[in-house]
Every structure is written in C-alpha cells, then in structure tokens.
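The structure under discussion appears below in the form of structure tokens.
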Amino acid sequence: MYEGIIDFRSDTVTRPTKEMLEAMLNASVGDDVLGDDPTVNELELLASRITGHPSALFLCSGTMGNQIAIRVHTSPGDEIIVEDDSHIFQYEAGGAAWNSSVQLKTIEGNFGIINIDEISNSIREDDIHLPRTSLICLENTHNNSGGVIIPIDYIKSVSELAKSKKIKTHLDGARIFNASIASGISVSDYAENFDSMMFCLSKGLASPIGSILVGDEEFIKKARRVRKVFGGGWRQAGYLAACGIISLTKMVDRLKEDHEKARLFADQLSELEEISFSIETVQTNMIYFKINSISIVDFFKRITERNLLALGHGDKIRFVFHKDVSFEDVEKAIEIIKDIV
Ligand code: TLP
C-alpha cells in the first residue's frame, strides 16, 4: 500500500476509497455542534435504522464511543463488569477511571466469554459499603481472542441477567459488522440485546475516521452532551460522515473477502511446525500466533526488512486482514514467513 509496504498491523490502516474521497468533495455540510450538518444527520439516521436503536451519534473514535457510553451509564464510584482482555480494560488508557470515576471489575474470559455465573456472582448487593454495579460490557468480535464471534445465545443470557438486576449493558462492537458477516446474524439482532452499542467505520469499513454510538433517545441526548464535554463536538463533520455512509452502504459485504484472506493465511500457517495458534479462533479478519524458532524481536526485525508490518501482543504476533492487502499480498507474506521462521 505505501510504496511496497504490506501493512497487516490493523484494519485501522485502511485508506478511504476513491468513491469516499469524491463523496467528501461533494458533501453538503453544516455545523454538527449546532445540529444542522445534513450529511451527519443522514449517517446517524442510517446507523439507527441498521442497528435498530432509536438514536445514533457520530463521533471520532471507538474509544470515545466506549468512554462516552460508560460516562452516561454510570455514576462516580460505580463498578462496571468487563472481560479482562477487553479493549475497554486493556487499551483505553485507564479512561473509565479517568473520565467517569468508576472502577472496573475484570473477569477472566474464555475467548471473550465471561462465565455467566461469575458475572452473576460479581454483581454487588445493595449495601452502602459496596460499589454499585451499574454496567456490563461485552466485546464482539473479541479482538484479543483473535477476532472471535461472541455467540448470540450467550449474549442473550447476559442481557437477561442484566435486565433482571436493572444493570445497563454496552457492546463494544468495533467490529460488529465482521461478526455479522461471518455469522449471518444481523447487526440489529446483536444490538437489540444492549442498551448501547459502539461500532467503528474506520476499521474494515474503510472510513478514514469515525465511529457511531447507538442507544435510545435519552441516552444519545446525554451522550451528545458528554461528547461536547470530552471536546468531541465537531463542526463540518459531514465531510467524514459522507465516507461513513459509503462504509455502511458499500463496504459491509466485502468484509467476507477479508475473512477469506485470514483463512487462507491461517491454513498455510498451520502447516508450519514453528508456528502455533488455534485454527478455531480464525473466524473473522485476524489471527494471533506464536513462533518457537526465533524470538519475537527477530521476527519483527526480519519481516520489517522485507517490507511487511504486523503488531505484537505479549508473546504473540497479530496479523489483520483488510481491503488494502490483496490475496497476492497474503501469499507474499506467507512466503516471507516461511523463509524466516
Ligand atoms: N483497536 C485497535 C488497537 O487499539 C488495539 C486495533 O488495532 O485493533 N474496541 C475494539 C475492540 C478495538 O479493537 C478498538 C481499536 C477500539 C475499540 C477503539 O477504536 P479506536 O481506535 O477508533 O479508538
């Protein structure tokens, strides 16, 4: 993509399509803080229709969407239940404590799934000594587990438990469209189980910037205010919303190609005895694997010399597949890896 470099670090590296750039040039815009940017309003309506939630808010990042949701659903001193390898816990720079003065009750999961009894046992009694459990968050697909899909029956049982305890639920659905394309379950069928959901336009859906938060009218009204407090009120955001509309109308179906690339890569890698990973986790557009023949540092040094980029995660290496790596690039990457391991 950039002069001979093949970039598997993330699907966030995807560049906008030509159609998106043209849509930016031609977008009708207004001032979104004043509520009159027609393209933002159109994108929010579209997001609301696709997810089945009454209202939607366009914002700059997935992290901002998760953080706003936490702020709206909780009060200072509350506790929220999250899986211990979730993005909210691992990669949002302690934002929940910083922005919302809440503490996180992390529970070890199994491929993103926290045992339902453990969730139930972690919900606090109503006692003035204890924090109030006000929110449960799930993540689908689950990034650190290899982009695995969280099963809908499990999601429903968490949702029922939360409702019975009057606890809110939020889905970090950064890659919910990958989950939907791979499972055949609609985004709205996933989303209906949560009080709010965030999803990203800037990952596999190829927008340069942007995420969406959905929920009911009251929730989004508060979220809009918190977005302003966080400095996220933006003006002619319609230029970006124009790309978001293309993401949602033209870029969803092609995600299955990214899943095929991941599968091709995984199938070839599984033949190398120096590499280990569990093939069942390759369900969408990424793969995490270990190497036993050379160190991770050497691996990264050698692939970088050959113009291949990927990311490390502890003792694992992550490759993510997206529209800006071709099937040919995938084959090339496999040959390079075969050479160096
Ligand atoms: N994930 C990034 C990194 O931050 C790890 C990536 O390259 O995968 N939820 C999930 C599940 C995510 O994977 C990410 C980004 C986010 C939220 C945050 O989205 P952004 O980067 O838009 O703030």
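The values are calculated or read from the model by the stated rules, or taken from the named source; none is laboratory data. For clarity, every value in this text was computed on a predicted model and none was experimentally measured. In this analysis, Cβ positions are derived from the backbone assuming ideal geometry, glycine residues included, and neighbour counts consider all displayed protein chains. Ligands, DNA and RNA are excluded from the accessible area calculation, which covers all protein heavy atoms including side chains. Shrake-Rupley method; radii C 1.70, N 1.55, O 1.52, S 1.80 Å.
Among SER202, SER157, which is the only one that is within 21 Å of the chain's Cα centre (by Cα) and of a type in the set (Gly, Ala, Ser)?
Details: SER157 fails: within 21 Å of the chain's Cα centre (by Cα).
Just a single option satisfies the conditions, and that option is SER202.
What are the residue pairs meeting all of these: first residue in segment 73-94, first residue at positive phi, second residue within 12 Å of the ligand (Cβ to nearest atom) and at pLDDT 95 or above, Cβ atoms under 9 Å, and 6 or more apart or on different chains?
Going by the 9 Å Cβ cut-off, the qualifying pairs are ALA93/THR63.
So, in segment 101-111, of the ones that are within 16 Å of the ligand (Cβ to nearest atom) and outside any strand (DSSP E or B), which residue ends up least open to solvent (accessible area, probe 1.4 Å)? Explain how you work it out, then say what you get.
Pass one, segment 101-111, residues within 16 Å of the ligand (Cβ to nearest atom): 104, 106, 109, 111.
So of that shortlist, the ones also outside any strand (DSSP E or B) come out as 109, 111.
Working: GLY109: 24, PHE111: 103 Å².
Residue satisfying both the conditions and the ranking: GLY109.
If ARG49 satisfies all but one of (1) open to solvent by 50 Å² or more (accessible area, probe 1.4 Å); (2) closer than 26 Å to ILE287 by Cβ; (3) modelled with pLDDT of 95 or more, what's the number of the condition it fails?
With (1) open to solvent by 50 Å² or more (accessible area, probe 1.4 Å); (2) closer than 26 Å to ILE287 by Cβ; (3) modelled with pLDDT of 95 or more applied to ARG49, the lone miss is (2).
Can you say whether MET24 is in contact with a Cys (Cβ under 7 Å, 6 or more places away or on another chain) and open to solvent by less than 20 Å² (accessible area, probe 1.4 Å), as far as the supplied structure shows?
Numbers: in contact with a Cys (Cβ under 7 Å, 6 or more places away or on another chain): yes; open to solvent by less than 20 Å² (accessible area, probe 1.4 Å): no.
The answer is no for MET24.
In segment 292-336, what residues are open to solvent by less than 20 Å² (accessible area, probe 1.4 Å) and closer than 16 Å to ILE5 by Cβ?
ILE303, LEU308, ALA310, PHE319, VAL320, PHE321, HIS322, VAL325, VAL330, ALA333, ILE336 - these are the residues of segment 292-336 that are open to solvent by less than 20 Å² (accessible area, probe 1.4 Å) and closer than 16 Å to ILE5 by Cβ.
Within segment 227-321, considering only helices (runs of 4 or more DSSP H) that don't extend past its boundaries, which have at least 3 residues that are under 22 Å from LEU46 (Cα atoms), modelled with pLDDT of 95 or more and in the same structural domain as GLY184 (by TED's automatic domain parsing)?
In segment 227-321, the matching helices (runs of 4 or more DSSP H) lie at 238-250.
Quick one: in segment 61-94, which of the residues that are surrounded by fewer than 19 Cβ atoms within 10 Å (Cβ to Cβ) and among the small types (Gly, Ala, Ser) is nearest to the ligand (Cβ to nearest atom)?
Among residues in segment 61-94 that are surrounded by fewer than 19 Cβ atoms within 10 Å (Cβ to Cβ) and among the small types (Gly, Ala, Ser), the one nearest to the ligand (Cβ to nearest atom) is SER61.
Give the residues of segment 117-148 that are within 13 Å of the ligand (Cβ to nearest atom) and either in a strand (DSSP E or B) or β-branched (Val, Ile, Thr) (or both), sorted by residue number.
Of the residues in segment 117-148, the ones within 13 Å of the ligand (Cβ to nearest atom) are 137-148.
Those that are within 13 Å of the ligand (Cβ to nearest atom) and either in a strand (DSSP E or B) or β-branched (Val, Ile, Thr) (or both): CYS137, LEU138, GLU139, THR141, HIS142, VAL148.
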